[in-house]
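Where a number appears in this text, it was derived from the coordinates with a stated rule and is not lab data. Values in this document were obtained by computation on a predicted structure and should not be read as measured data. FYI the Cβ positions are ideal-geometry reconstructions off the backbone, even for glycines, and counts take in every protein chain you see.
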Amino acid sequence: MEKYKCNICGYIYDPEQGDSELEIAPGTPFEAIDDSWVCPICSAKKPDFSPLPEAPAAEPASAAAGAVPSEPGLQA
């Protein structure tokens, strides 16, 4: 699920955590939150939030280290 950042104060709404202070259950996507919800830090409204880009998937350690897969029959 996509996280959203407050453009005013930088608070990040993480749907996996929800917002216990304002009784938003964990697992609640930002889009499903009532329009009357406000930022728990600065009271900004929902339109003042922007989606954060998804983090790229982690690469396998060998790819991250620049390793080249070996082919049978070839010598380095």
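Each residue of the stretch 16-30 was assigned a 3J(HN,Hα) from its phi angle through the Karplus curve 6.51 cos²θ - 1.76 cosθ + 1.60 (θ = phi - 60°); the sequence is 5, 9, x, 9, 5, 4, 10, 6, 9, 5, x, x, 8, x, 3 Hz, with glycine and proline shown as x.
Taking amide H as placed 1.01 Å from N in the peptide plane, the amide H of residue 24 sits under 5 Å from that of 19, each at least 5 places away or on another chain. With K and R counted +1 and D and E -1, the other residues having a Cβ less than 10 Å from that of residue 3 yield a net charge of -3. In this label model, residue 8 and residue 34 are separated by 1.8 nm, measuring between points 7 Å along each Cα→Cβ vector.
Of all the Cα-Cα pairs you can form in the stretch 1-60, what percent are over 18 Å apart? Can you show the working numbers first?
Details: 520 of 1770 pairs.
That fraction is 29 percent.
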